[in-house]
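For reference, the structure is listed below as structure tokens.
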Amino acid sequence: MITFNKINLRNILILLSPIFINACSGSLDLKESIAFESTYAPDLSITTLITNAKIIDGTGADTFNGSICIDQGKIKKILSNNILNDKIEAVDINCTYTNKIDAKNRFVTPGIIDVHSHLGNYPSPSISAHNDGNEITSPITSEVYAEHGVWPQDPGFDEALKGGVTTLHILPGSANLFGGRGVTLRNYPSRTVQGMKFPEAPYTLKMACGENPKRVYGERGGPGSRMGNFAGYRQNWIRAQEYQEKRNSNRLNTSRDLQLETLADVLDGKILVQMHCYRADEMAQILDLAKEFDYKVTTFHHAVEAYKISDILRENDTCAAMWADWYGFKMESYDGILENIPFVHQAGACAMIHSDSDSGIQRLNQEVAKSWAHGNRAGLNIKKEEAWTWLTSNPAKALGILDQTGTLETGKRADIIIWSADPFTTYSRPEKVFLDGQLLYDKHNNIYPRSDFRLGYGVK
Amino acid sequence: MIRIFIYSFIIFIFLINYSAYAKDLLITNAKLVIDTKTFKENLESNEKLPTDYTNNIHENITIYQSVRAGSDKTITVFFKGIEADYIKEMLGDTDYVIKDAEGNWVTSGIFAPYSHLGMADIGGEELTNDISSPGSSTTISEKASDSFNPQSVFVANNRRHGVTHAVISPTAAGNSVFAGTGSIVSLTGKYNSVIKERAFVFAQLGEKGTQNSGGSRSASLLQLKEGLNTALCNDFRNCRNSLERAINNININSSISNSESEYLIRVTRGNIPLIISVERAIDIIKVINLKKTFKRLDIIILGASEAWKVAEQIAENNIKVMIDPHNNLPSSFETVDSSLKNIIILDKAGVDYAITNLSALGLQGIGTLTQHAGNAVANGLEWHKAFAAITSTPASWFNLSLINNSLVIWDGDPLNITSTPTSMFIDGQAQSLESRQTLLRDRYNPVNESEKEHKYR
């Protein structure tokens, strides 16, 4: 099985790129890599020191009191007060800053990452003209890119930022077996999608199990059953293998096929599979499908029954993205339990929260808090800090960006939330949200983004 | 003090007389959360209490409840500063259940102001879904209680979250703005758990109403007015003779039949509320204006995303609102001015409001009501007002005294996301907090050390 390793792949690309440029400038890889390139450019000029912070760093380590030094948008240094002697702020000594913030013993955490969102491609207002999230014209649409349907003026982005969301993954909808490419965005107020694109984040492929594809296509040529779903996956992976082979052996003479290019890139380990799948037995069969075609399922989304196969998920190193308490709206979601996330976590598998909702995305900390509490009530003994990994580090892992964000560690992007109180209570809300060290939301100082759409109406 | 004890004694005689029907309930050492009015009316105390109960949280309370299921003879008394042992002594041989709350929060149950609980098994499966009846020729005469299955798994799944009572409502379908008649149920799961069959009539305006009535707000509002007119006219007090009735009926090309309108008469008389779903500020004003013609209407607005813009008018006309304090996005053009400050402004204007969880509402959703109320607090509403908005306030709209019919013991602040009920009593009966969800949980719990295959656990 291919194990995706981003660093190695990137190194390989860096090594090969000049050769392609010089020798074969029409190469597939090169064309693809420059298409719709990220123009994300936060203001990195402000150097900030956050002191007196009660830090949950996202690694699972215990909460500690300390200071965070932000320079050039990165965490330059993070020091625990415990290491030092009482009131000496060593960070103060080593950090040259233009802006100092006293967190006054408030909780400070990494920015939240939502691994499943449709902000921008199903934006507010939810009118037919805005249905750009799913190409419901064929069960196989791996040629489409979610980013081409994203409207950066969705007011939902602004509200999600106020809820502490700094990175979010926008996926195509789930009508199709192969839905298309997902895109990882910085929640940065921008006029363009390119201005939000997470630099160098890998592309993802949305796939879907179960009821949706067979319902949508059952009377439109199929698939009309779960059997048809699997046949559809297999037939197209076979096509992708052939394309991959052709591309590898005779790169220059292969005409580009966007649909198969995406699938072949999955087989090459460059694109991460994000698969909508509710039922336990179905996830287990999908993992066998992945073995048959030698690719990896990075994450099951809406994995309502993940708790039934948490051991299998662990063995396959496949993550599960779950809701805290959504269930029962269709048959494949009927067996949802409130302890799903903690049970999967307890089994040693990679568990995380996800919203799939423009409302839920604003309070993901609460969704984690209630899951965590239910899990411990059922007899587990999970620390808050471990549960925090469901909000930031595990989603970062699932998106291939854990080396850049998801925890508060030296060298990572300074994506930071200062909370009004313990984020495991309902009454705590983000007071300040930083993206790459830039303060984008400050509750008490009237700093917040406001979509063009909001202008001219009553809400300020 | 003597007076108090005499008073108490009288109550106990009363209780003993009726205790043959069900066991009474004594909860000791409670941190009681209840609205001030109910508390004062039910309080027995030998302590001098402060007159201002703004936080509505009272510690060291003993609660005595004598309940007759569905009966008005229910009595609940709170004791402060009187030893539980003394109360036990006074109760003597009375058959009662005692529960030590161990200092934990005790409240009435949660009252869901709007839901479809028990009206469908799987929302997405048409055959199992009785929430609306698009192919039916009747509307208002249909009552939600006839579609209610008290043994739906969602009843127990939501009971576990502290919900003891719920409004259940159909939704409008076909070509009518009238959805039908809604009911009040308790969450005991028993066959007799419908408390009020005809509790209110539900109509839908706004975008939903325009769809059903032919395509415009003009049409939907007209249809609603026609229905109310027909009811007024058919009410003997308003149409003096059969001739006049006939004339009116001919003149009013009503969207509802005479027989259907019979079920609206209680609405036009103001005996039961008319719930109207509507969002946009100007549409809310139109609803307020209905009261000029139909003076006795008891209107509750559901949704009301832009209510904050017309809060004063809503208050002046005694219109009630059910809102979701999570709603803050311009999800549609009729909710462009949704705002988290909606509930805060309505509160300041003196509007009577209940909190719903419309944004999260499905069959399974009412358990999250406490979270929605908690977020209203996070956004600036006083705790006791948010709590009343999911308990006593909406219950009172349907003449239900919630505290007399339900008690819940929690493991923490009920509005905080990490809290959950540990015990529940409805009509004096202890309720199971087990549900299909907890059974699935127990079967797959990582701490379950069973060696057996899952299907044998």
**Request:** Scan the range B:165-188 for residues that are in contact (Cβ under 8 Å) with a residue 60 or more places away in the chain and either in a strand (DSSP E or B) or within 17 Å of the chain's Cα centre (by Cα) (or both) and jot them down.
**Result:** B:His165, B:Ala166, B:Val167, B:Ser169, B:Phe178, B:Thr181, B:Gly182, B:Ile184, B:Val185, B:Ser186, B:Leu187, B:Thr188
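Can you pull out the residues in the range A:412-453 that are charged (D, E, K, R) and in contact (Cβ under 8 Å) with a residue 12 or more places away in the chain?
Start the filter on the range A:412-453 by keeping residues that are charged (D, E, K, R), which leaves A:412-413, A:415, A:422, A:429, A:431-432, A:436, A:442-443, A:450, A:452.
A:Lys412, A:Arg413, A:Asp415, A:Asp422, A:Arg429, A:Glu431, A:Lys432, A:Asp436, A:Lys443, A:Arg450, A:Asp452, listed by residue number.
Quick one: in the range A:314-337, which of the residues that are assigned to a helix (DSSP H, G or I) and away from chain B (no Cβ under 13 Å) is surrounded by the fewest Cβ atoms within 10 Å (Cβ to Cβ)?
Looking only at the range A:314-337, we keep the residues that are assigned to a helix (DSSP H, G or I), and these are A:314-316, A:331-333.
Restricting the remaining residues to those that are away from chain B (no Cβ under 13 Å) gives A:315-316.
Numbers: A:Glu315: 13, A:Asn316: 20.
Of everything passing the filter in the range A:314-337, A:Glu315 is surrounded by the fewest Cβ atoms within 10 Å (Cβ to Cβ).
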**Selection within the range A:124-155 - within 19 Å of the chain's Cα centre (by Cα) and either among the aliphatic types (A, V, I, L, M) or farther than 25 Å from A:Ile271 by Cα (or both)** = A:Val144, A:Ala146, A:Val150, A:Asp154
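Against the definition (facing chain B (nearest Cβ under 9 Å), part of a helix (DSSP H, G or I) and farther than 27 Å from A:Glu409 by Cα), how does A:Ser357 come out, yes or no? Break it down into steps so the answer makes sense when it comes.
Working: facing chain B (nearest Cβ under 9 Å): yes; part of a helix (DSSP H, G or I): no; farther than 27 Å from A:Glu409 by Cα: yes.
In short, no.
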**Asked** Can you tell me how many residues in the range A:135-153 are small (Gly, Ala, Ser) and either touching a helix residue (DSSP H, G or I) at 6+ places or on another chain (Cβ under 6 Å) or not assigned by TED's automatic domain parsing to the domain that holds A:Tyr203 (or both)?
**Response** 1
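I'd like to check something: does the range B:360-376 contain any residue that is away from every other protein chain (no Cβ under 14 Å), out of contact with any Cys (no Cβ under 8 Å at 6 or more places or on another chain) and more than 27 Å from A:Ser333 (Cβ to Cβ)?
no
Can you tell which of A:Val183, A:Val216 is hydrophobic (A, V, I, L, M, F, W, C), touching a residue at least 12 places away in the same chain (Cβ under 8 Å) and within 14 Å of chain B (Cβ to nearest Cβ)?
Values: A:Val183 fails: within 14 Å of chain B (Cβ to nearest Cβ).
After ruling out the rest, the residue left standing is A:Val216.
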**Request:** Within the range A:376-391, identify whether any single residue is at the interface with another protein chain (Cβ under 9 Å from one of its Cβ atoms) and either of a type in the set (Val, Ile, Thr) or in contact with a Pro (Cβ under 6 Å, 6 or more places away or on another chain) (or both), and answer yes or no.
**Result:** yes
**Prompt:** Hey, does the range B:4-13 have a residue that's of a type in the set (A, V, I, L, M, F, W, C) and at pLDDT 80 or above?
**Reply:** no
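Against the condition within 12 Å of chain B (Cβ to nearest Cβ) and at pLDDT below 95, how does A:Phe343 come out, does it pass?
Working: within 12 Å of chain B (Cβ to nearest Cβ): yes; at pLDDT below 95: no.
In short, no.
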**Complete:** Counted residues in the range A:118-152 being closer than 19 Å to A:Gly360 by Cα and within 14 Å of another protein chain (Cβ to nearest Cβ) come to 8
**Prompt:** Checking B:Ala376 against (1) free of Cβ contacts under 8 Å to residues at least 12 places away in the same chain; (2) in contact with a Pro (Cβ under 9 Å, 6 or more places away or on another chain), which single condition isn't satisfied?
**Reply:** (1)
**Request:** Filter the range B:434-454 down to the residues that are more than 11 Å from every other protein chain (Cβ to nearest Cβ) and touching a helix residue (DSSP H, G or I) at 6+ places or on another chain (Cβ under 9 Å), then identify the one that is farthest from A:Gly348 (Cα to Cα).
**Result:** B:Glu434
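Determine, yes or no, whether B:Ile288 is assigned to a strand (DSSP E or B) and either within 11 Å of chain A (Cβ to nearest Cβ) or β-branched (Val, Ile, Thr) (or both).
Numbers: assigned to a strand (DSSP E or B): no; either within 11 Å of chain A (Cβ to nearest Cβ) or β-branched (Val, Ile, Thr) (or both): yes.
It is false that B:Ile288 is assigned to a strand (DSSP E or B) and either within 11 Å of chain A (Cβ to nearest Cβ) or β-branched (Val, Ile, Thr) (or both).
The values are calculated or read from the model by the stated rules, or taken from the named source; none is laboratory data. Please read all numbers here as calculations on a predicted model, not as lab measurements. Note that we place each Cβ from the backbone using ideal geometry, even for glycine, and neighbour counts take in every protein chain shown.
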